[in-house]
1. Could you derive backbone 3J(HN,Hα) for segment 37-52 from the dihedral phi with the Karplus parameters 6.51, -1.76 and 1.60 (θ = phi - 60°), listing whole Hz in sequence and x where the residue is Gly or Pro?
2. Going by average Cβ neighbours within 10 Å, how do the peptides 12-22, 41-51 rank, with the highest at the top?
3. Karplus couplings for segment 55-67 from phi (6.51 cos²θ - 1.76 cosθ + 1.60, θ = phi - 60°), rounded to Hz, Gly and Pro as x?
4. For the pair Glu79 and His44, what calculated FRET efficiency results from E = 1/(1 + (r/R0)^6), where r is the Cβ-Cβ distance and R0 = 25 Å, to the nearest 0.05?
Amino acid sequence: MQTDQQTEVNAVFLQTVSAAVTQLKQKLQQDYERVYPGLGEIIHLVLDEEEAKAWELSLFPHLFLPDLVEEHVAKLGLEPAATKQEEDRVPRRFFDRPSYKSALAYVDY
């Protein structure tokens, strides 16, 4: 049996996750509308549908939602929208290190 404290913690948790999902949906809506300006209603419907699926998968739907939306958008024949986070990342070539060969040679006498 749950105590009042556990019930309150559960309620706060669900409110926090719901707020995170709402913020994520707004960001995804903006990102996809930036790429596909005329498809706002379709994007909204996709987000709602995939949010429902994400809640069925986990109590952490915000972890699944972007991938579910990207997959749904791909099924519609559209490219996924690059998110602001992806645009702000350091380019991969920044981390590529040149491969150095040893200046020492092995001599077999």
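No lab work stands behind these numbers, since they all come straight from the coordinates. Here the structure is a predicted model, which means the values were calculated and not measured. Backbone-built Cβ (ideal geometry, glycine too); neighbour counts: all protein chains shown.
1. Result, rounded to whole Hz: x, x, 10, x, 5, 5, 4, 4, 5, 4, 4, 5, 5, 6, 4, 4.
2. Averaged packing, sorted descending, gives the order 41-51, 12-22.
3. 5, 5, 7, 6, 7, 10, x, 5, 7, 9, 4, x, 5
4. After rounding, the FRET efficiency stands at 0.85.
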